[in-house]
Amino acid sequence: MDIQIYDHTNEESKANIELVQNVLNFAGDYLKLAENTEMSVTLMHNDEIHGINKTYRKVDRATDVISFAIEDDEDSDPIIMDDELAEEIAPNIGDLMISVDKVKEQAEYLGHSYQRELGFLCVHGFLHLNGYDHMETKDQEVMFPLQKEILNAYGLKR
């Protein structure tokens, strides 16, 4: 996958950025996405994700991860193209915003590593970008086991 990672914190270690890259590539392979699939991840602090959450979701608080899936916009018309052109254009699944402050808080609260929590939020958001949800029980029964399966297979067991 082609994953653009933006660090708005200027604090993230190279190892954590590599973890984001590697776990998302692993998840993409796990879901058998096209190799040229594109997405972005932005690492930020609580104040920035709070503003995004308030503006786009009308929720006035910081959150851990926000997913902006390209296919989520129900008001837009789909792009129609022939098969040849569709093969040339890389599919873009969307953007993830992750609060590194929430990663730290939640890792401490849950008693596992920062890396495990960062990997979890990457996979969780990634699954949202690919159409998975957990608002209904039947959706949870699909998304949560898949999330755990990917994390365990990658080696980020709880």
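Read-outs: derived from the displayed coordinates by stated rules, not from any lab. Only a predicted model underlies this, so the values are computations on that prediction, with no experimental measurement involved. Don't worry about glycine lacking a Cβ; one is built from the backbone with ideal geometry, like all the others, and counts go over all protein chains shown.
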Practice problem: Tell me the trypsin sites (Lys or Arg not before Pro) within the stretch 40-69 that lie in a loop according to DSSP and have at most 12 other beta-carbon atoms within 10 Å. | Solution: Lys58, Arg61
Quiz item: For the stretch 2-154, what is the percent of antiparallel DSSP beta bridges, rounded to the nearest 5?
Solution: 30
Quiz item: Amide H to amide H, which residues 5 or more places from Val59 or on other chains are under 5 Å from it, using H placed in the peptide plane?
Solution: Lys54
Self-check item: Sum of -39500 (n - 2.57) over DSSP H runs of 4+, divided by residues of the chain (222 nm, nearest 500)
Solution: -16000 deg cm²/dmol
Self-check item: Nonlocal amide H pairs with Asp2, under 5 Å, H built at 1.01 Å
Solution: Thr37, Glu38, Met39
Quiz item: Is the stretch 1-61 best put as rounded, prolate or oblate by its Cα gyration tensor, with a ≥ b ≥ c the root eigenvalues, rounded for a/c under 1.5, and otherwise prolate when a/b is larger than b/c, oblate when not?
Solution: oblate
Exercise. Measure nothing fancy, just the Cα-based angle from helix 114-129's long axis to the longest principal axis of the chain, in degrees from 0 to 90, nearest 10.
Key: 30
Quiz item: Which residues make up the longest stretch of the chain clear of GluC sites (Glu not before Pro) that lie in a DSSP loop with no more than 11 other Cβ atoms within 10 Å, not counting the sites?
Solution: 75-135
Quiz item: For Asp7 and Met135 in the same chain, what is the full-extension length gain: residue separation times 0.36 nm, less their Cα-Cα distance, in nm?
Solution: 43.1 nm
Quiz item: Between the helical axis of 100-110 and the dominant principal axis of the chain, each derived from Cα atoms, what acute angle in degrees is found, rounded to the nearest 10?
Solution: 60
Quiz item: Under a 5 Å amide H to amide H cut-off, with H placed in plane at 1.01 Å, what residues pair with Leu31 once short-range neighbours are removed?
Solution: none
Quiz item: Taking θ as phi - 60°, what are the ³J(HN,Hα) couplings along the stretch 48-65 by the Karplus curve (6.51, -1.76, 1.60), each to the nearest whole Hz, with x for Gly and Pro?
Solution: 6, 5, 4, x, 5, 4, 5, 5, 9, 10, 6, 10, 8, 6, 6, 9, 7, 9
Quiz item: In degrees from 0 to 90, rounded to the nearest 10, what is the angle of the helix 137-154 Cα long axis to the longest principal axis of the chain?
Solution: 70
Quiz item: In a GNM of the chain with a 10 Å cut-off on Cα contacts, which of Val142, Val23, Val123 has the highest mean-square fluctuation?
Solution: Val142
Exercise. Counting other beta carbons within 10 Å of each Cβ, put Thr42, Thr9, Thr55 in order, fewest first.
Key: Thr55, Thr9, Thr42
